[in-house]
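**Q** Following this message is one structure expressed as structure tokens.
The values are calculated or read from the model by the stated rules, or taken from the named source; none is laboratory data. Note that the structure is predicted; figures quoted are calculated from it, not measured. Virtual Cβ from ideal backbone geometry, glycine too; neighbours counted across all protein chains shown.
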Amino acid sequence: MTRRALIAGNWKMHMTTADAEVLASQVAEASKDATDRDVLVAPPFTAIGAVTAALEGSAVIVAGQNVCWEEQGAFTGEISPVMLKDLGATAAIVGHSERRQIFGESDQLINQRVVGGLKFGLTVVLCIGETLEEREAEQTLTILEKQVRGGLDGITPKDMTRVVIAYEPVWAIGTGKTASTAKAEEAHAFIRKLIGDLYEKDIADQMRILYGGSVKPANVDELMAQPDIDGALVGGAALDAESFQRIINFK
Ligand code: PGA
């Protein structure tokens, strides 16, 4: 089964609207010949409108970096799926390790976000990954299983076609350390098998599983050559148009 690759740039808390417009135009240009793969950018909420405008006519997908589960209401500081769609976003990242670690988001809360995003028609990129402590205690697979089961609780097989999983070992994010391709592939294969057990083989086979954590031009080709790595979620290197272009055009 061939899965369409997805290269996603997570801009985190960077970029004013003016800077975001420039970078978005560069990404549109960088990805125009990459017709056999999908490209996604997740700007900060404040820049989504400017980015979708700058990307008009390009196939680049725009995502929020998080999403609430309600359409509207008393949820100070949150952004609803309808608001994301209003600005032209069609996807949302959910459960990023920075949300889990810094803002204390639990699997249960993240599950609400996944459910809400899907209910309103968004594609959801569910992030999972173990900390260094968990890896050293040989709990990696247990943690991944807990995060997959928790995050996808109640998600129907039909909605799974709009779910992407991003495996991001916490110790590899922004640290310059990448998981060895063998370790990354081991985790990806485990996640795919788990999806097959929870749903069915077809769903597991079509599910895109991205790797994230210090993906760079220098390591993207080797990562993408692994059978169960279907794309990348890129932080730091996505802020530099030249690096992101090289990652989009992985070989
Ligand atoms: P990084 O971030 O590429 O800077 O390690 C990845 C992420 O947090 O999604």
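**Q** Considering the stretch 32-52 alone, what residues qualify as being in a loop (DSSP other than H, G, I, E, B), over 22 Å from Leu126 (Cα atoms) and at pLDDT 95 or above? Before the answer, list the steps.
**A** Start the filter on the stretch 32-52 by keeping residues that are in a loop (DSSP other than H, G, I, E, B), which leaves 32-36, 43-44.
In the following step, the residues that additionally are over 22 Å from Leu126 (Cα atoms) were identified as 32-36.
Hit for the stretch 32-52 is Asp36, nothing else.
**Q** Which members of the stretch 171-192 meet the condition of being part of a helix (DSSP H, G or I), more than 9 Å from the ligand (Cβ to nearest atom) and of a type in the set (A, V, I, L, M, F, W, C)?
**A** Of everything in the stretch 171-192, those that are part of a helix (DSSP H, G or I), more than 9 Å from the ligand (Cβ to nearest atom) and of a type in the set (A, V, I, L, M, F, W, C) turn out to be Trp171, Ala182, Ala184, Ala187, Ala189, Phe190, Ile191.
**Q** Let me ask another. Here are some residues: Leu84, Leu109, Leu126. Which one is of a type outside the set (Val, Ile, Thr) and more than 24 Å from Ala24 (Cα to Cα)?
**A** Working: Leu84 fails: more than 24 Å from Ala24 (Cα to Cα); Leu126 fails: more than 24 Å from Ala24 (Cα to Cα).
Result of the check over Leu84, Leu109, Leu126: Leu109.
**Q** Would you point out the residue of the stretch 1-24, among those that are over 16 Å from Ala89 (Cα atoms) and in a helix (DSSP H, G or I), that is nearest to the ligand (Cβ to nearest atom)?
**A** Among those that are over 16 Å from Ala89 (Cα atoms) and in a helix (DSSP H, G or I), it is Leu23.
**Q** Exactly one condition in (1) within 16 Å of the chain's Cα centre (by Cα); (2) crowded, with 16+ Cβ neighbours inside 10 Å is false for Gly174; which is it?
**A** Result: Gly174 fails condition (2) only.
**Q** Could you name every one of the helices (runs of 4 or more DSSP H) located completely within the stretch 88-169 that has at least 3 residues being under 19 Å from Gly213 (Cα atoms) and modelled with pLDDT of 95 or more?
**A** By residue number, 97-101, 140-151.
**Q** Which pairs have Cβ atoms under 8 Å, sit 6 or more apart or on different chains, and link a residue in the stretch 225-244 that is farther than 24 Å from Glu186 by Cα to one that is more than 11 Å from the ligand (Cβ to nearest atom) and part of a loop (DSSP other than H, G, I, E, B)?
**A** If the second residue must be more than 11 Å from the ligand (Cβ to nearest atom) and part of a loop (DSSP other than H, G, I, E, B), the pairs left are Leu239/Met15.
**Q** Would you check which residues across the stretch 147-182 are touching a strand residue (DSSP E or B) at 6+ places or on another chain (Cβ under 9 Å) and basic (Lys, Arg) and list them?
**A** Arg162
**Q** Among the residues of the stretch 117-147, write down those that are surrounded by fewer than 19 Cβ atoms within 10 Å (Cβ to Cβ) and of a type in the set (Gly, Ala, Ser).
**A** Within the stretch 117-147, Gly121, Ala137 qualify.
**Q** With respect to the numbered conditions (1) touching a residue at least 12 places away in the same chain (Cβ under 8 Å); (2) more than 13 Å from Thr131 (Cα to Cα); (3) surrounded by 13 or more Cβ atoms within 10 Å (Cβ to Cβ), which one is the sole condition not fulfilled by Tyr167?
**A** Tallying (1) touching a residue at least 12 places away in the same chain (Cβ under 8 Å); (2) more than 13 Å from Thr131 (Cα to Cα); (3) surrounded by 13 or more Cβ atoms within 10 Å (Cβ to Cβ), Tyr167 fails exactly one: (2).
**Q** Let me ask another. Look at the stretch 212-239 and say how many of its residues are within 14 Å of the ligand (Cβ to nearest atom) and surrounded by fewer than 16 Cβ atoms within 10 Å (Cβ to Cβ). First the steps, then the outcome.
**A** Narrowing the stretch 212-239 to residues within 14 Å of the ligand (Cβ to nearest atom): 212-220, 223, 231-239.
With surrounded by fewer than 16 Cβ atoms within 10 Å (Cβ to Cβ) added as a condition, the list becomes 218.
Matching residues across the stretch 212-239 total 1.
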